[in-house]
Amino acid sequence: MKNRWIIFFSGIITVKISGKGLERLLNTLTRNGLNIWHVRRQGVESITFKIKLTDVKEFRKYVRGSGLKVSFFKREGFPFLLKRLLHNSGFLVGAILFIFIILLLSNMIWGIQVKGADPATEYKIHKELDKMGVKVGRLQLFVENVEAIQRQLTNNVEEITWVGVELQGTTYHLQVVEKNEPKQPEYLSPQNLVAKKKAVIVDMFVEEGQAVVNIHDSVDAGQLLVSGLIGKEGQNVQVPARGEIWGETWYRSDVELPLKSTFQVFNGNEKRKYYLKAADVKIPLWGFGKVEFKEYETETNEKNIQFLKWKLPLSFVHETHRDREVETRIYSKEEAFRVAKEMAKLDIKNRLSEDAKIKGEKILRQSLDNGKVTLSIHFQIIENIAEGQPIIQGESE
């Protein structure tokens with residue numbers, strides 16, 4: 001029968017009629033628009049069929065005075081189900097509370113395990129986690145995702161180089177790599193040290209091998225600096241040449257900076273919304289209404305809801321809408337050249353190793369055209385120019 005769900009919510013009664021004139025009654029019912037179905041004969045003078053609860057009153061009118069015996073022996077559908085639930089409301093409330101408590105406990109943080117960190121660093125990590133709200137007993141739904149936790153720990157705890165964060169069930173597992181971890185000894189095969197680039201040598205420290213250049217020497221890229229062949233002629237021994245050869249090198253940085261520029265900044269206003277998500281449907285829980293900001297950025301944090309060890313097809317969504325404004329920055333000519341010079345230095349530092357130093361600088365060209373500053377700077381850099389090059393089998397000094 002069509003629309004079975006509608007009939008289910010309206011209620012269904014199974015009716016048994018006994019006596020003579022059954023067919024005549026059935027014809028009367030159908031002729032007057034009453035829906036009956038699942039009609040079955042029960043013996044010679046009895047039949048059963050189903051009828052909607054809403055049609056029972058009308059049915060009684062037609063059966064009254066017919067001399068037939070009528071009994072209602074089966075009740076189905078939502079009205080009767082609700083009645084039974086209300087009758088056993090204590091069990092219903094208990095079951096709902098039990099499921100709710102299990103659901104709540106399944107989505108709480110019950111453990112935080114940190115591996116690879118000494119006690120002092122582990123204490124700092126736990127302190128930082130407390131600031132972020134990642135603590136035992138806190139609901140996972142209101143905690144940042146693992147990527148954000150990992151990023152904040154790496155930025156805020158100076159003692160660690162890297163931390164991996166993984167959520168397994170109700171426990172966060174953190175694997176830490178500390179900065180002060182002892183370096184593993186480096187085992188090198190026999191090699192020479194050669195120049196990485198053109199330079200003038202200003203200082204040198206040879207740990208192993210034979211230096212073949214001196215301070216103030218000018219060298220080209222690929223030129224031999226320290227030989228890995230030591231000993232007398234004909235009795236050479238191959239060793240891994242090691243050391244630092246400091247040379248003066250040269251770099252050029254070109255920077256363009258407009259006097260007037262626009263950019264977007266956050267002004268501190270934000271609106272938060274919370275949803276329960278099932279499939280692609282989001283049901284608002286808190287933070288109703290439209291976002292009234294003209295320009296804004298949305299950050300979404302979605303957490304799956306678990307029941308014991310199973311992930312339910314439900315998730316808790318937290319959206320943060322941050323208001324942003326367009327700012328216009330205008331430099332004077334002097335400010336623009338100063339900022340462009342700082343940008344050039346930053347560009348050079350990003351291209352150098354940490355131990356390299358800027359010895360000097362010289363402005364090659366600076367101009368102001370079409371509202372834009374153009375600056376070219378020549379930098380003198382002191383850096384280690386040595387790099388290893390394997391010794392070819394049979395090579396002699």
Order by neighbour count: 352, 86, fewest other Cβ atoms within 10 Å first, most last.
86, 352
Across 71, 353, 253, the residue with the highest GNM fluctuation in the chain (Cα network, 10 Å cutoff) is 71
Could you give the dipole magnitude of the chain about its Cα centre, charging the beta-carbon of Lys and Arg +1 and that of Asp and Glu -1, in debye to the nearest 20?
5480
Collect residues whose amide H, placed 1.01 Å from N in the peptide plane, falls under 5 Å from the amide H of residue 223; neighbours closer than 5 in sequence don't count.
195
What percent do you get for the relative contact order of the chain when only Cα pairs under 8 Å and 6+ apart count?
14
Need the list of aspartates and glutamates near residue 57 for cross-linking: C-alpha distance under 18 angstrom, and skip anything on the same chain fewer than eight residues off.
76
GNM top mover of 30, 171, 374 - the chain, alpha-carbon springs below 10 Å:
30
Kindly put 339, 326, 194 in sequence by how many other C-beta atoms sit within 10 Å of each C-beta, fewest to most.
326, 339, 194
Running a GNM on the chain with Cα contacts under 10 Å, which residue among 205, 142, 98 ends up with the highest mean-square fluctuation?
205
Among 277/311; 260/290; 127/349; 198/362; 197/357, the pairs whose Cα-Cα distance exceeds 23 Å are 260/290; 127/349
Each residue of the range 166-178 in order: what ³J(HN,Hα) in whole Hz does its phi give by Karplus 6.51 cos²θ - 1.76 cosθ + 1.60, θ = phi - 60°, with x for Gly and Pro?
9, 9, 10, x, 10, 10, 8, 10, 10, 10, 10, 10, 8
Hey, can you grab everything whose amide H is under 5 Å from the amide H of residue 305? Only 5+ residues off in sequence or another chain; H modelled, so Pro and N-termini drop out.
312, 314, 315, 316
Which GluC sites (Glu not before Pro) does the range 264-334 hold that lie in a coil by DSSP with at most 15 other beta carbons within 10 Å?
292, 295
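Bear in mind these aren't lab numbers, they're just calculated from the coordinates by the rules spelled out. These figures come from a predicted structure and were not determined experimentally. Note that each Cβ is placed from the backbone with ideal geometry, even for glycine, and that neighbours are counted across all protein chains shown.
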